[in-house]
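Reading through the structure tokens given below for one structure.
We did not get these values from a lab; they are worked out from the coordinates using the rules stated. Remember, predicted model here, so these are calculated numbers, not experimental data. As a convention, Cβ positions derive from the backbone with ideal geometry for all residues, glycine included, and neighbour counts pool all protein chains shown.
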Amino acid sequence: IVYDNDIMAVAGLGVAAEMGVRVPDELSLLAWDDSQLCRLTHPTLSAMSHDVHGFGAEVARELFAVIAGREVTPHPVRTPSLTPRASTATPRPPRT
């Protein structure tokens, strides 16, 4: 399961534990922001790492440009990178 943010991923990890679902043996979990929270759980949460603050600053600059009436052109953003930890397992082939 890929979660939109780390808090949701931590909650998902808690629900899996309550239900007796073993992470990552039975279920892999992946967080999005890679905050310190991902390293405080057991098992530690794998995450997509990206520069949250840098992205926010870039968005703010673009917003101010729009407000000032300047033309803003679309451009690519940095691609997040996977930081594997203990909450994800190697994919297994489907059972037949």
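Numbers for the structure displayed
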read-out	value
The chain, dipole about Cα centre (Lys/Arg Cβ +1, Asp/Glu Cβ -1), debye to the nearest 20	260
Within a Gaussian network of the chain (alpha carbon springs, distance under 10 Å), most fluctuating of Leu82, Leu45, Leu29	Leu82
Estimated FRET transfer efficiency when R0 is 35 angstrom, pair Ala17-Ala60 (beta carbons, to 0.05)	0.40
20 °C / 1.002 mPa s Stokes-Einstein diffusion coefficient of the chain, Kirkwood radius on C-alpha pairs, µm²/s	140
The stretch 6-83: relative contact order in percent, alpha carbon pairs under 8 Å with at least 6 residues between	26
In degrees, nearest ten, helix 52-67 long axis to first principal axis of the chain (Cα)	30
Nearest-ten-degree value, helix 6-19 long axis tilted from longest Cα axis of the chain	20
